[in-house]
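To start, the structure under review is shown below, and the notes come after it.
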Amino acid sequence: MKTTEPNGPADSAEPGGSGAAPSRGYQLPAPQDAAWSVDSRRASRISRLLLLGILAIQAGLSLRMHGRAFEDEALYIAAGHLELHHLLHGTPVPADFNGFFSGYPLLYPVLAGAVDSFAGLTGVRLVSLAMMLGTTGLLFGTTRRMFNDRAALGAAALFSVVQSTIFLGYFATFDAAALFLLAVAAWTVVRTTGKHPATVLLAVLPAVLAMAVKYAAGLFLPTLLVLAVLSGTRFTRHQALARGLCFGLGTGTVLGVVAYFSGAVSGLSQTTTARAHGTSSPLSLFELSGQWGGLVFLTAVGGAIAYVRRSRMGEMPWSPNDTPGRMRRILLGVTLCGSALLAPAYQSYLQTDTSLFKHVGFGLFFAAPMAGLGLSRLVGPHFRQPQLGIMLYVLVLVLGMVQAHHEFTPPDSTRMAEEVQRLTVPGGHYLAEEYEIPAYYLRKSTTWDQWQSTFAIDYVGKDHKHHYGNDGFGTAVKDGYFNVIVLTGNVTPDADTAVTDALRDSSAYRLVATLPFHTQYGDSTYRIWTRQ
């Protein structure tokens, strides 16, 4: 029996003989251009296994932090309980949270309150951890579709160990939820590349939800818009513009409808767009941002420059030239790296460092794909210089771990809450700096409207006149209005001075406890007075 060989005759003469050549039992396949493929199935499986290791390290770094509730955590969880009671039982909400929350109060706070009801503060923090792990996973998927597995692993590895990621992974506020929703939107934008332009509308809902959960997340909606256009230029210019138009119009329309019916404009204005300016200098804010994310940012800039110079690493220089053009590479690098500067720039305009260490992480999420590419180029083709990549990762890891541990130092309010609990009486009135913490822990024995903060007061005295500010605090103490007073002097020093001066001149109160505690800002003391 004979077999036909490609590009050859069916029979051939054997040297020195007259019979036909024996048939071959196999045929050598054509050699491949390279001995391996960057995005083969085996490489993808290995990448996913490595991603699980990255996520395990991220989870471990977040879970090593512990402590009592921060002021913000206590505020949002307590507000969630109040909003839940209003939704389920019609109980009036004692405060206008919509007027001063920097996110819509019926979204994250309700979720946090519901989880806290059966899992406590730890459960709410674990929800944040799950969202941050999901953010890193979505970053991997987004970067993999933009570049390749190696860049995706680099992006996930670097982002997972910066201080913002570690801190937000165990911080029970809306930051993790907002960043997760932005990650869903970014992944959807990239995932719908090559499909009908209208499919990019799938990214509108998570993008709008991200801004509703935390208004500051809206700062990164233009990044998603540009990404929608640039990710479509691989095909046709018309398709790219159509994608951008669909996403822009869709997002704008939904945001307008939501703002009209929710009444969230006042909260957005007071907490974000028209926020009171501080006194921090722009130079100091960029210096702080550099400490928290500068190394990853520089890696992203290096990756962007390398990407502009050469779209491929050169491992297979003979591959077809199907990569994006230089202009698209420039725009993509500028967009992703520039997003890391949005939060520092805006807060420099406001001259405030409030929450900057968290907001830096939002920008680093968008810069991370380029940082992953930069890490991949640093290691080189065929892993020629792995020691450089390891050094960079370890350095980012150590910095992130130390910085997150420094920031995650909530006040130890255990003894303070126990002491105030002992002093509470039915229908009492309580004055406290950072009143959200005792109000959260003592919510079963006190109500929200029994607590008075030291930021502002409108007190009607025994003389039937309204007293405001420091005069109001002093008059209330003089009249013996508060049953318990808790001061630290850290939050509102002027009001603290007014209250302590009034206490010094009053015989109605006595100091019952001084309880030291430590935070990231240093040592302090809870001072607790009770009415005699």
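The values are calculated or read from the model by the stated rules, or taken from the named source; none is laboratory data. Here the structure is a predicted model, which means the values were calculated and not measured. As a convention, Cβ positions derive from the backbone with ideal geometry for all residues, glycine included, and neighbour counts pool all protein chains shown. Quick note on the areas: whole protein, heavy atoms, side chains included, nothing else; ligands and nucleic acids left out. Shrake-Rupley method; radii C 1.70, N 1.55, O 1.52, S 1.80 Å.
Points worth noting:
- The range 455-509: chymotrypsin sites (Phe, Trp or Tyr not before Pro) in DSSP loop, at most 13 other beta carbons within 10 Å: F455
- Solvent-accessible surface of the chain, taken per residue with a 1.4 Å probe and all protein chains present: 48 Å².
- For the range 178-257 and the range 64-120, distance of Cα centres in Å: 29 Å
- By DSSP, the beta bridges lying fully in the chain are antiparallel in about 80 percent of cases.
- Partner lysines for K462 [C-alpha distance under 24 Å; skip if fewer than 8 residues away on the same chain]: K478
- Test item: Cα-centred dipole of the chain, Lys/Arg +1 and Asp/Glu -1 on Cβ, debye: 2060 debye
- Two-decimal log10 I(q)/I(0) for the chain, as the Debye equation yields it once each C-alpha is a single scatterer, q = 0.06, 0.09, 0.11 Å⁻¹: -0.38, -0.73, -1.00
- Spin-label pair V394-D463: with each label point 7 Å from Cα along the Cα-Cβ axis, the two points sit 7.0 nm from one another.
- Calculated mean residue ellipticity at 222 nm for the chain: -19000 deg cm²/dmol, from DSSP H runs with n ≥ 4 weighted as -39500 (n - 2.57), summed, divided by the residue count and rounded to 500.
- Farthest toward the positive end of the dipole of the chain, out of Y430, H466, T447, is the Cα of T447, where the dipole comes from beta carbon charges about the Cα centre.
- Note on the range 302-440: Rg/Rh from C-alpha atoms, Kirkwood Rh, equals 1.24.
- R510/T409 FRET efficiency (R0 30 Å; Cβ-Cβ; nearest 0.05): 0.45
- Sorting the segments 53-62, 354-363 by their mean number of nearby beta carbons within 10 angstrom, highest to lowest, gives 354-363, 53-62.
- Over the range 360-440, the alpha carbon radius of gyration divided by the compact-protein estimate 2.2 N^0.38 Å works out to 2.02.
- Sequence-distant lysines (8 or more away, or on other chains) whose Cα lies within less than 28 Å of K214: K358
- A protection proxy built from the mean count of other Cβ atoms within 10 Å ranks the segments 364-377, 168-181, 121-134, most packed first, as 364-377, 168-181, 121-134.
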